[in-house]
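Notes for the one structure printed next.
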Amino acid sequence: MDERMERTERTERTERTERTEQTRRDVVPPIAGRIPLKKRSIILWGVLVLPLVAALSACSVTHGVKTETIRAAAKSMKKNLKGYKGLYCTFTRPDVTCRIDWKGEPDPDTHAAVLTAVKAFVTPEHMREIARSVNWNPEISEFHLLLNTDDNKTDAEHAYFARYYKTSDASDDSEANIDAYRTWTEEGTKAGPLETGSD
């Protein structure tokens with residue numbers, strides 16, 4: 001008897017639930033073409049937030065750079081400079097960074113020869129070639145040279161940089177504001193710039 005009552009109660013509950021759902025459907029019919037609130041919030045989030053994230057992350061995209069000029073510079077250094085292991089260049093807008101890996105600490109003459117070779121390579125024409133290879137139209141703001149003398153590639157023992165513009169105002173293309181990578185400075189020092197590069 002208890003079993004029969006239980007079954008009857010269960011059946012009545014199920015019928016009540018079905019009637020309630022049917023009544024809701026009859027009273028509040030779905031509006032054609034209307035997107036539920038939860039889906040709307042997901043779509044809105046996607047439309048507003050994802051482009052913002054994409055734009056912000058695009059600023060820090062790093063591209064490996066291999067141009068004919070870089071290959072020629074690497075080949076020349078390998079041939080002429082003892083201890084040379086490799087030249088690796090990247091572009092992270094608006095700057096170019098080149099790391100030269102070296103076997104041990106170079107002697108002062110070799111160190112000077114490396115800087116001379118890099119200064120000859122870092123010209124406005126070569127930097128524009130790099131910019132074109134990564135679809136970058138403005139001038140490359142800074143060139144960073146990292147001289148790595150050990151197996152730890154995350155930090156360099158010597159770092160230098162040169163700028164295209166003398167100031168941080170890249171919209172000022174006047175001759176007074178253009179250095180064109182002539183002045184080299186050792187990073188991390190407060191001393192004046194190193195000797196000026198060749199014209």
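The values are calculated or read from the model by the stated rules, or taken from the named source; none is laboratory data. Quantities reported herein were computed from a predicted structural model and do not represent experimental measurements. To get the accessible areas, we keep the full protein, side chains included, count just its heavy atoms, and leave off ligands, DNA and RNA. Shrake-Rupley method; radii C 1.70, N 1.55, O 1.52, S 1.80 Å.
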The range 163-170 - phi-based ³J(HN,Hα) in whole Hz, Karplus 6.51/-1.76/1.60, Gly and Pro as x: 10, 7, 9, 6, 10, 7, 8, 6
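For the range 126-195, just say rounded, prolate or oblate: build the C-alpha gyration tensor, square-root its eigenvalues into a ≥ b ≥ c, call rounded for a/c under 1.5, and beyond that prolate if a/b exceeds b/c, oblate if not.
Values: a/c = 2.85, a/b = 1.38, b/c = 2.07.
Oblate.
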Gyration tensor (alpha-carbon) shape descriptor, the range 58-105, a/c threshold 1.5: oblate
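Compute the accessible area per residue over the range 68-199, keeping the other protein chains in place, probe 1.4 Å, unit Å².
Ligands and nucleic acids excluded, the result is 57 Å² per residue.
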